[in-house]
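What follows draws every value from the coordinates through simple rules; no lab data is involved. These numbers come from a predicted model, not from an experiment. Methodologically, a virtual Cβ is constructed for each residue, glycine included, from the backbone with ideal geometry; neighbour enumeration extends over all protein chains shown.
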Amino acid sequence: MSHPSPFPLLPSPTRILGIDPGLRITGFGVLDKEGQKLHYVASGCIKTPDGELPERLKAILSSLGEVIAQHQPQQVAVEKVFVNVNPQSTLLLGQARGAAICAAVLANLPVAEYTALQVKQAVVGNGHAKKEQVQEMVQRLLKLSGTPSPDAADALACAICHAHGGMGLGALATKGFRVRGGRLV
């Protein structure tokens with residue numbers, strides 16, 4: 001006969017992988033969310049080799065697969081592609097993003113997507129923040145000893161955004177919404 005413990009069971013941390021997709025450099029950041037606290041686990045950049053598009057996409061897919069195998073995230077947050085002036089660049093970025101999403105899906109992980117505006121709003125409080133502001137806030141929020149590279153900082157910011165407002169973490173569900181004027185629409 002077992003007796004109930006007088007100590008309540010604490011929920012285990014949720015590990016989140018944030019991804020900032022790019023064809024040349026894809027940033028990744030891993031953090032644990034425990035209650036309202038965030039703990040830095042790892043971050044870095046995947047640099048693709050010069051060459052043909054299929055080889056670059058393969059590098060993104062396989063390298064993120066290794067990151068997933070090593071750090072065992074439970075959820076993945078990916079930055080959405082914005083349409084920029086050059087349609088060709090937008091298409092290439094979309095393909096890099098697709099490779100990143102495929103890495104998560106192949107590992108049977110749920111994927112949430114956030115616009116750069118949502119990520120910056122969640123981390124800096126300003127959807128039009130500069131890269132340096134994102135880097136500084138990520139460093140502060142995660143108590144990092146140094147400033148992360150811009151791509152790693154963006155990936156960590158995406159994970160932070162998900163931790164604060166993403167699906168499945170008991171907070172406001174933002175998946176499928178956009179931020180307009182600082183409000184979800």
For this session: Starting from the Cα of SER145, step 7 Å toward the Cβ, then list every residue of segment 26-49 with an amide N under 14 Å from that point.
Result: none
Problem set entry | Pairwise FRET efficiency - THR90 versus LYS37, Cβ, R0 = 41 Å, nearest 0.05 | 0.65
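Rank the residues PHE28, PHE82 as a footprinting-exposure proxy: fewest other Cβ atoms within 10 Å of their Cβ go first.
Numbers: PHE28 30, PHE82 10.
So the residues, fewest neighbours to most, are PHE82, PHE28.
In which sequence would SER12, SER62, SER145 go, from the one with the fewest C-beta neighbours within 10 Å to the one with the most? Numbers along the way, then the final one.
Working: SER12 9, SER62 12, SER145 6.
The most exposed by this proxy come first: SER145, SER12, SER62.
Which of the GluC sites (Glu not before Pro) found in segment 9-65 are loop residues per DSSP with 11 or fewer other Cβ atoms within 10 Å of their Cβ? Show your work: numbers first, answer last.
Values: sites: GLU34, GLU52, GLU55; in loops: GLU52.
Within segment 9-65, the qualifying GluC sites (Glu not before Pro) (loop, at most 11 other Cβ atoms within 10 Å) are GLU52.
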Exercise. For ILE60, ILE25, what's the fewest-to-most ordering of other Cβ within 10 Å of each Cβ?
Worked result: ILE25, ILE60
Problem set entry | Given charges at Cβ of Lys, Arg, Asp, Glu: segment 27-102 dipole, positive-most of ASN86, VAL67, ALA100 | ASN86
Seminar exercise, completed: In nanometres, the difference between 0.36 nm per residue of separation and the alpha-carbon distance of PHE82 and LEU106 is 6.2 nm
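Just for segment 14-184, what percent of DSSP beta bridges are antiparallel, to the closest 5? Write down the numbers at each step before the final one.
Working: 19 of 27 bridges.
Just about 70 percent of them are antiparallel.
List the pairs from LYS80/LYS143; LYS37/LYS130; LYS120/LYS143; LYS80/LYS130 whose alpha-carbon separation is above 22 Å, in the order I gave them. Write down the numbers at each step before the final one.
Details: LYS80/LYS143 26 Å; LYS37/LYS130 25 Å; LYS120/LYS143 18 Å; LYS80/LYS130 17 Å.
Pairs exceeding the cut-off: LYS80/LYS143; LYS37/LYS130.
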Problem set entry | Size of segment 1-139 as Cα extents on the principal axes (Å, biggest first) | 66, 34, 20
Exercise. Over what distance in Å are the Cα centres of segment 96-148 and segment 23-83 separated?
Worked result: 10
